[in-house]
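No lab work stands behind these numbers, since they all come straight from the coordinates. The model shown is predicted, which means the values in this text are computed figures rather than measured ones. Note that each Cβ is placed from the backbone with ideal geometry, even for glycine, and that neighbours are counted across all protein chains shown.
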Amino acid sequence: MGSDGSPRFPVLNFSSEDLKPGTTSWVSTCKKVIQALEEFGLFVVNYDEIFSSQLHDATFGVLQELFALPTETKMKNRYQKPLNGYVGQIAKLPLHESLGIDDATSLEATQKFTELMWPNGNDRFCNAMNSYAKLAAELDQIVTRMIFEGYNSKEHYDSYIGSTTYLLRLLKNRAPREDESNLGFVNHTDKSFTTILYQDGEVNGLEVETKDGEWITVEMSPLKFVVIAGDALMAWSNDRIQSPTHKVTINGKEDRYSLALFSFNNGTLQVPEELVDDDHPLKYKPFDHLGLLRFFRTDEGYKSECPIKAYCGV
């Protein structure tokens, strides 16, 4: 609980050197991960021994360079996959601007994005973003392995990770002018399996709706990450985990920069048989994860109260 009596999201420490599969600290952290996701759909991770303040500064330095580029340059960021490219210049969301690097853990893909933005190259940007993506993906894989093990589905983990790619979205929410709303991004759930979110400095903006319908700001200090369950994990877990509704609001006079790494599976996902029993009858058919993204772009998907249930619910 916070000092005002409101719930606070769990903070788990992943910096411990003995956090290795099979150790007692691994097993107890697995339980905490499952508990946090089942209760809130997210948790905060302390990962500071791995992610240094130097890497933090390098990452956000080049991020500000990116957003300072002309709008027409940033708009060249386009992909075949839905939801992956440039988003910005939206009348109802004037504070939001973002770009995406698909398959960001691959140096080649990050280089391709960099050359699109800077035809003469920008090695500092390319190296910082690729290093960050790899580090966040490492964290994601630790968390995902803990989820699979926590639900006795360890044997499905390798094939899941083997067909997973990462989309890194680079986000800026500028501070609102006096006559503007402070909405940085609308209420939504993520369509990913998991999302790793990281922000620059103390400019908080992420607000999450709890199961009781209360909105809480996630306190994110530097070198702390937030892990959020996406719709695909909700379906995979057969509704044991709910993907939380969240939004961004910008209070204050500082722009907010953040990075979101989304995991997307290139294959078919299905509820493991271990997660189906009399108390938890099967709620989702096997589904194509990228198909969910395409469905979400249709009128039916966009208007549905719960896109994943509309897409592949039993």
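Computed quantities for the displayed model
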item	result
Normalised contact order of the chain, rounded percent, pairs of Cα under 8 Å and 6 or more residues apart	19 percent
Neighbour net charge for Leu168 - beta-carbon separation under 12 angstrom, K R +1, D E -1	-1
Whole-number percent relative contact order across the range 1-131, with pairs defined as alpha carbons under 8 Å at least 6 apart	17 percent
Backbone HN-Hα couplings from phi across the range 201-213 [Karplus 6.51/-1.76/1.60, Hz, Gly and Pro as x]	x, 9, 7, 6, x, 6, 10, 10, 8, 7, 4, 7, x
Value of Rg to Rh for the range 6-111 (Rh from inverse mean 1/r over Cα pairs, i.e. Kirkwood)	1.07
Selection from Ile308, Val208, Leu12, by position along the positive dipole direction of the range 11-312 (Cβ)	Ile308
Mean ellipticity per residue at 222 nm, deg cm²/dmol - from DSSP H runs of n ≥ 4 across the chain, formula -39500 (n - 2.57)	-10000 deg cm²/dmol
Rel. contact order, % - alpha carbon contacts under 8 angstrom, at least six apart, the range 114-256	26 percent
Qualifying chymotrypsin sites (Phe, Trp or Tyr not before Pro) in the range 49-145, DSSP loop, other Cβ atoms within 10 Å at most 15	Tyr79
Approximate shape of the range 11-312 as ellipsoid semi-axes (Cα gyration tensor, √5λ), whole Å, largest first	29, 22, 20
